[in-house]
Every structure is written in structure tokens, then in C-alpha cells.
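Colleague: This structure is in C-alpha cells; I'll ask about it shortly.
The values are calculated or read from the model by the stated rules, or taken from the named source; none is laboratory data. Since the structure is predicted, the reported quantities are computational estimates derived from the model, not experimental observations. As a convention, Cβ positions derive from the backbone with ideal geometry for all residues, glycine included, and neighbour counts pool all protein chains shown.
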Amino acid sequence: MEKFEHEYRAEQIQVLEGLEAVRKRPGMYIGSTSIRGLHHMVYEIVDNCVDEALAGYCKNIHIKLEPGNIVSVEDDGRGIPVDIHPKTKISAAETVYTVLHAGGKFGGDSGYKVSGGLHGVGASVVNALSKWTEVEIQRDGGLFQMKFEKGKTVQKLTRLSDSKKTGTKVRFLADDTIFETLDYDFETLENRFREMAFLTKGLRIVVEDLREETPKKADFCFEGGLISFVEYLNKNKEKLHPKPIYIEKNGEFPVEIAIQYTTSYSENIYTFVNNINTVEGGTHLEGFKRALTKVFNDYAKAKNLLKEKDNNLTGDDIREGITAVVSVKVKEPQFEGQTKTKLGNSEVTGVVQSMVNESLAAFLEENPQVAKNILEKSISAARAREAARKARELVRRKSALETTTLPGKLADCSSKNPEECEVYIVEGDSAGGSAKQGRDRKFQAILPLWGKMLNVEKARADKIYGNDKLNPVILAVGAGIGAEFDITKIRYGKVIIMADADVDGAHIRTLLLTFFFRYMRPLIENGNVYLAQPPLYKLSKKGMEDIYCYTDEDLEKQYKVLEERGITRDQLGLQRYKGLGEMNPEQLWETTMNPETRILVKVTMDDAIKADEIFTLLMGDDVNPRREFIEKNAKYVKNLDI
Ligand code: 28F
């Protein structure tokens, strides 16, 4: 008896220390305490529901954002087991919520969970990082409830009443002393849950935002699974074949793939391991790519589709215009890479490769018209690649003859240390002139661009090298493009797009961003791309220092502040800036370029799927969805068009 009590206490102490560690260093467990980490709290709980769905017991998940930023998640699975462990006297449910890594530990031998990757830290971490958590479980004929505050049990599992249903419901309020914000972004959550629903065929996920007067609701259930996913990704693109190619096998581990080609020039392959988006790819992607290259080359040769002078098609040729989703479920995934989103398990490559080899070869034999459409595109990609190579060599040879490989229009900075250097890509010659005069030439370079910019969404790589608008950008950045892009070679740590705050400025900004997204994506992923924010207004009065306002809200705020100081609107001079060109070099430096006073917006790409959708819409061929997008987002467009 003595010993027993001692053990019990030790167990408790360990639990508290565990969750205390989570509160001390939350970033270690949830990635960050920004809005990203906040969203992970929700994913963590929903992942548990999805695991129950994958086990075959849960059909519906309902997520609600309640007023006060309370999150509620409910599933109709079996309910977390409520039985009390005879030794610890703690219920299985309480263990899941108070013992660190409980989920993973159980998973190791019970085979219940396949996850445990990027998040997969378990419900106990969510509990530790919440002001309060409330769990309700229906199973074994009863409704049970337990409550926690900052991870500590304040109400042990209690049977409240009888119940014939089964399932688990969790409500929690994230701790605002830990997270920078509690303002969940509905669209981000919605996108992730849509993705989860695609990845788990037949699972219904409903998400509601009840925080504002007008509630929002999204309801996802896809009987087609990955087929529906690819159709969704391609909804605004012109398809080369009507139905996605679908491959599904449960060999050593489950593999599911859907493929559909479009007329676009980009490659869109999304890969998942245990429903986690492996942004950095890995062995599953490797296996898929190898098989794709081999099967199409074999088929082309067997059917004599390649001409004498055509060499083998490269992987890039064969992936031009592809949209694919690859999803594997692996027991013990090894995640590598900078953001731990690259699958490392070496055994996966061969399994995926041989599976795709077999199924895809069979598909092409049975669908010769689809094979022909795809191969015609690959062959023209190969010819364009050859033309691009020639164009590139021409550029190289030409620049070898000249003394410098830098574009003539570039006013470079004197420092050669990329970490401190910045390049401003400036629209228009006159603004370029002011920027050149206003800059700090030690670390700021200026590259003026003018005239009509190439829309890369409608052009192939061969048009990009040698293009007189884009080539200076490629040379100035200094790291190449496409598959050859090498982030370690960039000449500037900050690539800053500085364009007018009007429609034309918005257009050139979008064109440049599209170019970076399609041809220098690591530059965006690495956080090197920025948008300069020139002011929209200047308020001035004799004897008062000029005040610059960057938004309409900003202007209203300044008016109010000045009013409190007894200065009325009609005493103030208001200048509305139409373009960068209206500012003299000193003003441009002070408002837009001086690191001490400027506002820079970092371009981030949290969601590649969303980014692809937007660029396809804004820059692609289809007019109707573009109009819809602009109408839907009209308020943003209006903001730009002042
Ligand atoms: C709203 C959040 O967390 N749902 C969950 C289950 C079901 C089981 C379970 C969860 C396995 C071995 C501990 C039930 N019956 N929704 C959820 N539903 N966890 S979490 O088991 C947890 C571990 O013991 C469950 C039989 N096996 C598993």
C-alpha cells in the first residue's frame, strides 16, 4: 500500500512537470505561438477525430468557432475509452489529455494511430496551452465529462447521465497569455478541412464560424476522395483528358494517387503522408516522379511517338501541365528537411515507384487517346526546352563577351553581402530615378522596369530567358530560374517590389509575383520577397512635420489624433499620391525606403494550393472565374485602385 501511493504521486508529479514544460516552451511543441500555432491547436484535436475515422468508426466531424474564440470539435466515433487504469486510477481519457505524447505512445504498439508527424503532439499539448478545456464522451451507455484549467484536472471524468450515442466532444479556449492572437482565420481552417475531407473519402467535415453576427459555414464530403481533390485543383484550368487517372493500392502500406493534365505550363504535385502535407516532398514524391518518367518514355518508344532526333523526354517535360495528389500512409514516418515536411523513409520510393509503374502502364494501354494527348504535350515541352537551352546559351555567351553579367539598368549597391543587401524592383523610369537618388547606395540596389511585362502564366520557359523584361530580374537576383534556381546564390536578401498604389501597379506586382511563384518559388518560401508600401496621403500644415498615411484607415486615425490636438480637417493640406513619381528622392527615402521608417510587407506562401488558384485565376485564360474572383474580392481591388 505504501509503495502504491508513492507510485501514484510520482506519476502525478511527472504529468504536471510534463505539461508545465509545454507551457514554458510552447514553440517546441506547437511550432510557434503565432496564428499558425493557434491553428495547429485545432488541427491537433481534429486529427484525433480523423484517426478515429481512419479506424473506420467516425463519419462526421463538426467544428465550431464560438463567440469569444472558443473552439468546439465533435465527432461521432466510439468515444475515448473511459475505463480507469487500475494502477494510476486515472481514466484512459484523462491520460490522453494530461500525459505528454500519450497518443503516440499508445499508437506505437496498438497500431491505432498512423499519425505523429508534423503536429501529432497530442491533445495534452492543446490542454496545456488552453485557459480551459472541457471534454464530453459518450460511450458504454453513458455521457461522461471532465474539465481542465491550464492543463490541470479540475473535474475528473464524471458520469453525467445515460446516453445511447457514442462520440467525443471537446471545447477549449486557447490561452491568450501564450498565443499572440486568438483570432482564428476561418478561411485558413476551411482550406485545411477541405483538404482533410479530400484525403479521407466519404468523411463529412462541417466547420462553422459563429463569432460574428453573420455566421459562416462550410460543409465538405467527397465520395471521390483524391479524384475530387484533383478536379477541385483543376477547376479553372483546361484539361487534356476529362477524368483524372486514379491509382489506389494497399500493399505494404496504402498508396493513393490521382493525376490530371491541363494545358498549363506549370507542375502541381501535392504530396501527403498520413494526411500531412509534405511541402518539401521526399521519398514518395521521388518514387512517383521516377515511375512517371519511365512509363511515359517506355510508352512513347513502344508506340514510335518520338522522332529520330528527339532524345528521351525528361521528367520536367513529362510533368509540364500535370496536377497530381499523392497520398501515402506510413507506420513510422521519418520527417526531414528545414520544416520537417520531407519524407525520409527510403523504403517508400521503391514501393510507390513499382506500384505506379504497373498501374500507369496498364492505364495508358487501355486509354491510348489520353496517352497521346499527354505525350504530345510532353514532346512539345521537350522541344521548347531545347529552344530554351539555346536561348540561355546565347545569353551566357553574350554576357561572357561583355565585362559584366549584371543588367545595364541595375544601379547596384556597394556591399556584396547578400544578408544586408536589398534590391528594389521599381516600376517606371521616373520613380526609378528618384529611388536611385534617394537610396542608401551601400546596401540598396535599384532595378527599374518599364513597359509591358510578360505574363509567365501564358508562356513557356524558352520565352522567359531572353525576355527583355524578365532577364534583368533573373540576372540581378543572380540565382537562375526553374529547376536550376539556387537560393544560396541570391545576391540580395530582400527583393522588394515597389509599384504604384493603383491598378497598373497592382498589375505589375501580380505579374512579378506570378513570375517568382512559378520560377523562383524558394525565394518566396524562404521569405526573401517583399512589397514596398508607398504612402497614399500626406497631411501637412505650416509648422507641423508632414504626416504620411499608408491606408484610408490610417488617414482617418490621424485626423482624429490631430482633432484631439485642436487641429481641424480644413486647416490641413491633404495630398493624395497617385504614383511613386510624385515623390521627390528625399520623400521616397523617408516614406518607403528608409528601414527605420518604411513599411515592408513580406510575401508569404502558407498555402501553395491557394496561391496556385489565385495566380491561375488572375493570369490564366479563363475570363469568367477571373471576373467572379475580382467581384468577390472587390473591396481589396478597390483599395489598390485609388
Ligand atoms: C473531438 C476530439 O478526440 N476523438 C477520439 C477516440 C477513440 C478512441 C481513442 C480517441 C487508444 C488506446 C487510448 C475508442 N475505442 N475527438 C477525439 N476518439 N481515442 S480520440 O483511443 C485512444 C487511445 O487507448 C478509441 C477503442 N479504441 C480507441
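Colleague: In the set Gly315, Gly350, which member is touching a Lys or Arg at 6+ places or on another chain (Cβ under 6 Å) and surrounded by fewer than 19 Cβ atoms within 10 Å (Cβ to Cβ)? Before you say what the answer is, go through the steps one by one.
Modeller: On the way: Gly350 fails: touching a Lys or Arg at 6+ places or on another chain (Cβ under 6 Å).
Result: Gly315 is the single residue among Gly315, Gly350 that is touching a Lys or Arg at 6+ places or on another chain (Cβ under 6 Å) and surrounded by fewer than 19 Cβ atoms within 10 Å (Cβ to Cβ).
Colleague: Let me ask something additional. Do the conditions hold for Thr214, that is, is it modelled with pLDDT of 95 or more and either touching a Gly at 6+ places or on another chain (Cβ under 8 Å) or within 30 Å of Tyr57 (Cβ to Cβ) (or both)? It would help to see each step written out before you state the result.
Modeller: Details: modelled with pLDDT of 95 or more: yes; either touching a Gly at 6+ places or on another chain (Cβ under 8 Å) or within 30 Å of Tyr57 (Cβ to Cβ) (or both): no.
No: the conditions fail for Thr214.
Colleague: Output yes when any residue across region 259-274 is under 30 Å from Lys458 (Cα atoms) and free of Cβ contacts under 8 Å to residues at least 40 places away in the same chain, and no when none is. Let's see the steps before the verdict.
Modeller: So the first thing to find is which residues in region 259-274 are under 30 Å from Lys458 (Cα atoms), and the list is 259-272.
With the extra rule that they be free of Cβ contacts under 8 Å to residues at least 40 places away in the same chain, the set shrinks to none.
No, every residue in region 259-274 fails to be under 30 Å from Lys458 (Cα atoms) and free of Cβ contacts under 8 Å to residues at least 40 places away in the same chain.
Colleague: Here's another thing I want to ask about it. Which residue pairs have Cβ atoms under 8 Å apart, sit 6 or more places apart or on different chains, and have a first residue in region 156-168 that is at positive phi and a second that is hydrophobic (A, V, I, L, M, F, W, C) and within 13 Å of the ligand (Cβ to nearest atom)?
Modeller: Listed pairs, sorted by first residue: Gly167/Cys58; Gly167/Ile137.
Colleague: Hey, Lys113 hits all of (1) modelled with pLDDT of 95 or more; (2) within 9 Å of the ligand (Cβ to nearest atom); (3) in a loop (DSSP other than H, G, I, E, B) but one; which does it fall short on?
Modeller: For Lys113, the failing item is (1).
Colleague: Could you count how many residues in region 50-72 are within 13 Å of the ligand (Cβ to nearest atom), charged (D, E, K, R) and not in a loop (DSSP other than H, G, I, E, B)? First the steps, then the outcome.
Modeller: So in region 50-72, the residues within 13 Å of the ligand (Cβ to nearest atom) come out as 50-64, 71-72.
Cutting the leftovers down to charged (D, E, K, R) gives us 51-52, 59, 64.
Those left that are additionally not in a loop (DSSP other than H, G, I, E, B): 51-52, 64.
Going through region 50-72 one residue at a time, the tally reaches 3.
Colleague: Please note which helices (runs of 4 or more DSSP H) are completely contained in region 455-566 and include at least 3 residues that are within 21 Å of Gly432 (Cα to Cα), at pLDDT 90 or above and not β-branched (Val, Ile, Thr).
Modeller: Working: elements: 461-464, 470-477, 503-519, 521-525, 552-564.
The qualifying helices (runs of 4 or more DSSP H) are 470-477, 503-519.
Colleague: All but one of (1) of a type in the set (Ser, Thr, Tyr); (2) within 11 Å of the ligand (Cβ to nearest atom); (3) within 30 Å of Thr214 (Cβ to Cβ) hold for Tyr97, so report the exception by its number.
Modeller: Of the numbered conditions (1) of a type in the set (Ser, Thr, Tyr); (2) within 11 Å of the ligand (Cβ to nearest atom); (3) within 30 Å of Thr214 (Cβ to Cβ), the odd one out for Tyr97 is (3).
Colleague: Restricting attention to region 219-251, report how many residues are part of a strand (DSSP E or B), within 27 Å of Lys64 (Cβ to Cβ) and not acidic (Asp, Glu). Lay out the reasoning, then the answer.
Modeller: Filtering region 219-251 for residues part of a strand (DSSP E or B) gives 219-220, 239, 245-250.
Add one more test, that the residue is within 27 Å of Lys64 (Cβ to Cβ), and what stays is 219-220.
After this cut, where a residue has to be not acidic (Asp, Glu) as well, the list is 220.
So the count comes out to 1.
Colleague: Let me ask something else. Is it the case that Glu248 is of a type in the set (Asp, Glu) and either in contact with a Ser or Thr (Cβ under 7 Å, 6 or more places away or on another chain) or modelled with pLDDT under 95 (or both)?
Modeller: Numbers: of a type in the set (Asp, Glu): yes; either in contact with a Ser or Thr (Cβ under 7 Å, 6 or more places away or on another chain) or modelled with pLDDT under 95 (or both): no.
For Glu248, the condition - of a type in the set (Asp, Glu) and either in contact with a Ser or Thr (Cβ under 7 Å, 6 or more places away or on another chain) or modelled with pLDDT under 95 (or both) - is not met.
Colleague: Just to be sure, is Gly122 buried (at least 17 other Cβ atoms within 10 Å of the Cβ), more than 9 Å from the ligand (Cβ to nearest atom), modelled with pLDDT under 95 and at positive phi? Reasoning before the result, please.
Modeller: Working: buried (at least 17 other Cβ atoms within 10 Å of the Cβ): yes; more than 9 Å from the ligand (Cβ to nearest atom): yes; modelled with pLDDT under 95: yes; at positive phi: yes.
Taking the combined requirement at face value, the residue satisfies it.
Colleague: For region 453-462, check the following and say yes or no: at least one residue is closer than 14 Å to Pro585 by Cβ and surrounded by fewer than 19 Cβ atoms within 10 Å (Cβ to Cβ).
Modeller: To start, the set of residues in region 453-462 that are closer than 14 Å to Pro585 by Cβ comprises none.
Checking region 453-462: not a single residue is closer than 14 Å to Pro585 by Cβ and surrounded by fewer than 19 Cβ atoms within 10 Å (Cβ to Cβ).
Colleague: Right, something else. Of all residues in region 82-110, how many are assigned to a helix (DSSP H, G or I) and at pLDDT 90 or above? Please lay out each step first, then the result.
Modeller: Filtering region 82-110 for residues assigned to a helix (DSSP H, G or I) gives 92-98, 102-110.
Then drop every residue that is not at pLDDT 90 or above, which leaves 92-98.
Number satisfying all stated conditions: 7.
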